[in-house]
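Everything below concerns the one structure shown next.
The values are calculated or read from the model by the stated rules, or taken from the named source; none is laboratory data. None of these values were measured; they are calculated from a predicted model. So basically every Cβ, Gly included, is an ideal-geometry build from the backbone, and we count neighbours across all protein chains shown.
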Amino acid sequence: MKLLVVEDEQYIRQGIVELLREEGFDTTEASTVTETLACLDAGNIDAVLCDNFLPDGEGFDVLRAIAGSGIALILMTAFGNRDLASRAFAAGAYDYVAKPIRFDELLARLQRLQEKLLLREKVIESEQLVQDQGELAVLGSSENMQAVQHLIQKSSASGVPVLLQGETGVGKGVVARLLHSLSTRSAQPFVRINCAAIPAELLESELFGHKKGAFSGADSDRKGLLTTAAKGTLFMDELIELPMAMQSKLLHVFDEKTFRPVGGDEELPFQARVIAASNVDFEQAVAEGRFREDLYFRLNVMKINIPALRDRGSDIIPLAYRLLDQICQEWSRQVPKMSSEQVLWLETQPWYGNVRELRNVLERALLLGTDDTLLFSDMGKLKEGHDLPLVEACHAYEKQYITRMIQSCGGDKTAAAEKLGIGLSTLYRKLDA
């Protein structure tokens, strides 16, 4: 944060500047309104710490000059002058401090301002990412997701089978569609089947198709999904949930590249690429006897593990803006802005339901908010962790409690740490853990 200190008393100004520089702030200085405006015209100023009474004007002149620029102003006023402070807030000042200056108080206010500016910058960057994103950018830019992007790029053009593994809601379907759209098969069909959602007695007909009269109710020939996929992509979600008998039949299909419809004699070609997904570890399922080892070896040419949203925190806000943009396009709504407090809240949620939960929360916030605002009904509430080990559940509770305290203090982490009875460094450590 680049800070401009405006004070006509030289010894006071230099004292403030020296102390702030010792704390790591990038500061410059001015003693009059004229000098201040020149510094502002030169650019790169994020905030102004300004005395109200100056030789050629007052702090309100500076406040009017920066109106609408995004530059924050903290007004220095005489002790007890609450009327002046109220006028300053009404005119758009970010904050005020009373003179004589208490440096610890000033430092706390500047640190809070710095955090707010960083959040604002993150929001702007996230909005820009929505506008500039390529196809792979939708996954996020965290280190974890860069590794996923690399594997997608490596395997998309080859046509080899891909196994996708990750918790429910992490975006396995999105990755499957990206693999298809980036491949040479993108003009061909993308066919998705949820293996856990189809009754076992209907699976064979659903996959292979059937001939008229093959069974009771088969009044006509019907194409199966293996035929519908043609030379495109067959995405088999929750593949591990298939009955063992069907796994055996699919192994034959993938090996021989042919299959027979139910009740048919003719062998039909299978030409699609296979992408399979599960929220259960494939090797664990093999070890438990739930999944055929030979089918696993047949499909395990490329395995992509998709991390949980809580393990890639830097992706949450860019992803939230992409989802908002997508939802608002679907609903013909303008994309609303998020406040700094809302950004902080989103970043510190555990997101046990991953991207799917995030989308649901955003949809609810759009419905509850106005045309240009979001209303998160769960802000201030502690989420329960279901089926978590005790240590993880306690950590999640602690993290959310700290976040709620920060919100109740208006984003002031120093004040929150004091109320919680912990040091500021401990607060940061617990939030980042």
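Is there a residue being surrounded by fewer than 19 Cβ atoms within 10 Å (Cβ to Cβ), over 38 Å from the mean Cα position of the chain (by Cα) and of a type in the set (Gly, Ala, Ser) anywhere in segment 61-76? Checked segment 61-76: no residue is surrounded by fewer than 19 Cβ atoms within 10 Å (Cβ to Cβ), over 38 Å from the mean Cα position of the chain (by Cα) and of a type in the set (Gly, Ala, Ser).
Taking the numbered list (1) closer than 18 Å to PHE215 by Cβ; (2) surrounded by fewer than 17 Cβ atoms within 10 Å (Cβ to Cβ); (3) not hydroxyl-bearing (Ser, Thr, Tyr) in turn, GLU256 passes all entries but (1). For segment 175-230, residues that are surrounded by 15 or more Cβ atoms within 10 Å (Cβ to Cβ), at positive phi and either free of Cβ contacts under 8 Å to residues at least 12 places away in the same chain or touching a strand residue (DSSP E or B) at 6+ places or on another chain (Cβ under 7 Å) (or both) total 1. Of all residues in segment 234-243, none are over 18 Å from SER278 (Cβ atoms) and surrounded by 14 or more Cβ atoms within 10 Å (Cβ to Cβ).
Selection of segment 210-235 for residues being more than 30 Å from GLY169 (Cα to Cα), charged (D, E, K, R) and not in a strand (DSSP E or B) yields LYS211, LYS212, ASP219, ASP221.
Sub-7 Å Cβ pairs linking a first residue in segment 49-64 that is farther than 19 Å from LEU106 by Cβ to a second residue that is of a type outside the set (Gly, Ala, Ser), at least 6 apart or interchain, are PRO55/ASP8; PRO55/THR32; ASP56/THR32; ASP56/VAL33; ASP56/THR34; GLY57/VAL33; GLU58/ASN52; ASP61/VAL33, ordered by first then second residue. Out of the residues in segment 362-401 that are part of a helix (DSSP H, G or I) and more than 19 Å from ASP311 (Cα to Cα), state the one that is modelled with the lowest pLDDT. By that ranking, first place goes to TYR401.
Restricting attention to segment 236-272, the residues that are outside any strand (DSSP E or B) and either among the aliphatic types (A, V, I, L, M) or not assigned by TED's automatic domain parsing to the domain that holds HIS210 (or both) add up to 10. Given the criteria polar (S, T, N, Q) and farther than 25 Å from GLN165 by Cα, does SER205 qualify? When the stated conditions are applied, SER205 passes them.
Results for (1) under 19 Å from LEU118 (Cβ atoms); (2) part of a helix (DSSP H, G or I); (3) modelled with pLDDT under 90; (4) polar (S, T, N, Q), shown as yes or no for each residue.
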| site | (1), (2), (3), (4) |
| --- | --- |
| LEU4 | yes, no, no, no |
| ASP8 | no, no, no, no |
| ILE16 | no, yes, no, no |
| LEU20 | yes, yes, no, no |
| THR27 | yes, no, no, yes |
| LEU40 | no, yes, no, no |
| CYS50 | no, no, no, no |
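Considering (1) crowded, with 18+ Cβ neighbours inside 10 Å; (2) in a loop (DSSP other than H, G, I, E, B), the lone condition that ARG359 does not fulfil carries the number (2).
Does THR168 fit the bill of being assigned to a loop (DSSP other than H, G, I, E, B), over 27 Å from the mean Cα position of the chain (by Cα), of a type in the set (Ser, Thr, Tyr) and modelled with pLDDT of 90 or more? In short, no.
Filtering segment 194-236 to residues that are aliphatic (A, V, I, L, M) and under 25 Å from VAL280 (Cβ atoms) leaves ALA196, ALA197, ILE198, ALA200, LEU202, LEU203, LEU207, LEU225, LEU226, ALA229, LEU234, MET236.
Report yes if some residue within segment 112-123 is crowded, with 18+ Cβ neighbours inside 10 Å, modelled with pLDDT under 90 and within 20 Å of ALA308 (Cβ to Cβ); otherwise report no. Looking for residues that are crowded, with 18+ Cβ neighbours inside 10 Å, modelled with pLDDT under 90 and within 20 Å of ALA308 (Cβ to Cβ), one finds none in segment 112-123, hence no.
Determine, yes or no, whether HIS150 is over 24 Å from GLU241 (Cα atoms) and either modelled with pLDDT of 90 or more or of a type outside the set (Gly, Ala, Ser) (or both). It is true that HIS150 is over 24 Å from GLU241 (Cα atoms) and either modelled with pLDDT of 90 or more or of a type outside the set (Gly, Ala, Ser) (or both).
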